[in-house]
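K.L.:
Sending over a structure as structure tokens; questions will come in a sec.
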Amino acid sequence: MKIVELDQQKLGRVLIQASITALYQDEETLRDTMLSFEPESENNMEWIFVKDLFILTTDEIADKWFGGKDNIGFYLKE
């Protein structure tokens with residue numbers, strides 16, 4: 001489950017940076033920015049997660065980040 005590897009503080013910074021980038025690029029939606037944006041480091045999990053939120057289906061997110069839908073319930077309890 002990749003979701004547990006994410007740094008929540010970095011994730012917050014990524015969301016703010018993505019919003020600023022969208023404004024700077026004069027994009028209509030944040031999704032448009034994320035479709036064209038490539039983070040500097042391929043290993044930057046937080047950027048990849050945010051990008052996935054905007055481009056993958058719900059099922060794809062569940063599979064990639066939670067190891068499937070059956071595992072998501074664990075995170076709802078926290």
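Please treat every number below as a calculation from the coordinates, not as lab data. These numbers come from a predicted model, not from an experiment.
K.L.:
Restricting attention to the alpha-carbon atoms of region 2-76, what are Rg (one decimal) and Dmax (integer), both in Å?
P.N.:
When restricted to Cα atoms, region 2-76 yields Rg and Dmax of 13.0, 39 Å.
K.L.:
Just tell me, in residue order, which DSSP H segments of the chain are both 18 angstrom or longer along the helix axis (alpha-carbon based) and at least -0.5 in mean Kyte-Doolittle hydropathy.
P.N.:
Long hydrophobic helices here: 8-24.
K.L.:
Could you work out [θ]222 nm for the chain from helices alone, using -39500 (n - 2.57) per DSSP H run of at least four and dividing by all its residues? Round to the nearest 500 deg cm²/dmol.
P.N.:
Taking each H run of at least 4 residues, the total per residue is -18500 deg cm²/dmol.
K.L.:
Relative contact order of the chain, please, whole-number percent, based on alpha carbon pairs below 8 angstrom and at least 6 residues apart.
P.N.:
35
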